[in-house]
Amino acid sequence: MPRFALDIDTIAFIRNMLDGKNPDPVHALVLAELGGAESIVCYLRDDLKTVNEADVQLLRQVVKSYLNVRSNITEDNIRTLMRIKPDMITFVAPGDVSNVEAQSVDLNMYSEQVKDFTAEFRSSGILSSVLLDPSLAQVKMAAKL
């Protein structure tokens, strides 16, 4: 069965590039859920080019379906998300600030952080995932974690 998730990053990025008020990502997510979206996805970046902490807090209150927040593996972002408690956190690597796309995590560099943060999320009832390159070595390492 096909599933539909709305990624609101582009909407937040445009809002931030313009006046900081419109278009409103929350309006978009409400319309998306009314239209059948089963999940809302956003990216809490270190440089806040897309959503910021206040946005994610508001999203947590408004989203009726499922909230998946992608996050760089940084202590500040992880602590913020532990307070907000989205349904899922997807770890992504700190990326190039000129690009709004999420970058895959190199588990050779971040395995301990992923292991520790995943255990912490699990104990709080938050699911976690990792954006990986589809190489056999990375998939095997993820399975071990």
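Within the bounds of the stretch 69-76, is there any residue that is aliphatic (A, V, I, L, M), within 12 Å of the chain's Cα centre (by Cα) and either crowded, with 17+ Cβ neighbours inside 10 Å or assigned to a helix (DSSP H, G or I) (or both)?
The first filter runs over the stretch 69-76 and keeps only residues aliphatic (A, V, I, L, M), leaving 69, 73.
Now narrow it down to the ones that are within 12 Å of the chain's Cα centre (by Cα): 69, 73.
Retained after the next criterion (residues that are either crowded, with 17+ Cβ neighbours inside 10 Å or assigned to a helix (DSSP H, G or I) (or both)): 69, 73.
Scanning the stretch 69-76, I find at least one residue that is aliphatic (A, V, I, L, M), within 12 Å of the chain's Cα centre (by Cα) and either crowded, with 17+ Cβ neighbours inside 10 Å or assigned to a helix (DSSP H, G or I) (or both), so the answer is yes.
Among the residues of the stretch 1-25, which ones are free of Cβ contacts under 8 Å to residues at least 60 places away in the same chain and not in a loop (DSSP other than H, G, I, E, B)?
So in the stretch 1-25, the residues free of Cβ contacts under 8 Å to residues at least 60 places away in the same chain come out as 1-4, 6-8, 11-12, 14-25.
Hits for the stretch 1-25 are L6, D7, I11, A12, I14, R15, N16, M17, P25.
Can you tell me which residue in the stretch 111-145 is modelled with the lowest pLDDT, limited to those that are assigned to a loop (DSSP other than H, G, I, E, B) and closer than 14 Å to A93 by Cα? Give the derivation first.
First pass over the stretch 111-145, keeping only residues assigned to a loop (DSSP other than H, G, I, E, B): 124-126, 131, 133-135, 145.
If we keep only those that are closer than 14 Å to A93 by Cα as well, we get 131, 133.
Working: L131: 90, D133: 87.
My answer is D133.
Collect the residues in the stretch 45-56 that are part of a helix (DSSP H, G or I), within 13 Å of the chain's Cα centre (by Cα) and not acidic (D, E), keeping them in residue-number order.
Of all residues in the stretch 45-56, those part of a helix (DSSP H, G or I) come to 53-56.
Now narrow it down to the ones that are within 13 Å of the chain's Cα centre (by Cα): 53, 55-56.
Result: V56, single match.
Just to be sure before I move on: is R60 more than 26 Å from A28 (Cβ to Cβ) and either assigned to a helix (DSSP H, G or I) or free of Cβ contacts under 8 Å to residues at least 60 places away in the same chain (or both) in the structure I sent? Explain how you work it out, then say what you get.
On the way: more than 26 Å from A28 (Cβ to Cβ): no; either assigned to a helix (DSSP H, G or I) or free of Cβ contacts under 8 Å to residues at least 60 places away in the same chain (or both): yes.
So R60 does not fit the description; no.
Return only the number of the condition from (1) part of a helix (DSSP H, G or I); (2) in contact (Cβ under 8 Å) with a residue 40 or more places away in the chain that A28 does not satisfy.
With respect to (1) part of a helix (DSSP H, G or I); (2) in contact (Cβ under 8 Å) with a residue 40 or more places away in the chain, A28 is out only on (2).
Here are Q61, Q138: which of them is exposed (fewer than 13 other Cβ atoms within 10 Å of the Cβ), out of contact with any Pro (no Cβ under 6 Å at 6 or more places or on another chain) and farther than 19 Å from R45 by Cβ?
On the way: Q138 fails: exposed (fewer than 13 other Cβ atoms within 10 Å of the Cβ).
Only one candidate passes the filter, namely Q61.
Go through (1) in contact with a strand residue (DSSP E or B) (Cβ under 6 Å, 6 or more places away or on another chain); (2) at pLDDT 90 or above one by one and return the number of the condition I73 breaks.
Checking I73 against (1) in contact with a strand residue (DSSP E or B) (Cβ under 6 Å, 6 or more places away or on another chain); (2) at pLDDT 90 or above, the one that fails is (2).
Here's the yes/no breakdown for (1) touching a strand residue (DSSP E or B) at 6+ places or on another chain (Cβ under 8 Å); (2) surrounded by 17 or more Cβ atoms within 10 Å (Cβ to Cβ):
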| site | (1), (2) |
| --- | --- |
| M82 | no, no |
| D87 | yes, no |
| V92 | yes, yes |
| N108 | no, no |
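The values are calculated or read from the model by the stated rules, or taken from the named source; none is laboratory data. Just so it is clear, the structure is predicted and the values come from calculations on it, not from any experiment. Quick reminder, even Gly has a Cβ in these numbers, built from the backbone with ideal geometry, and neighbours come from all protein chains shown.
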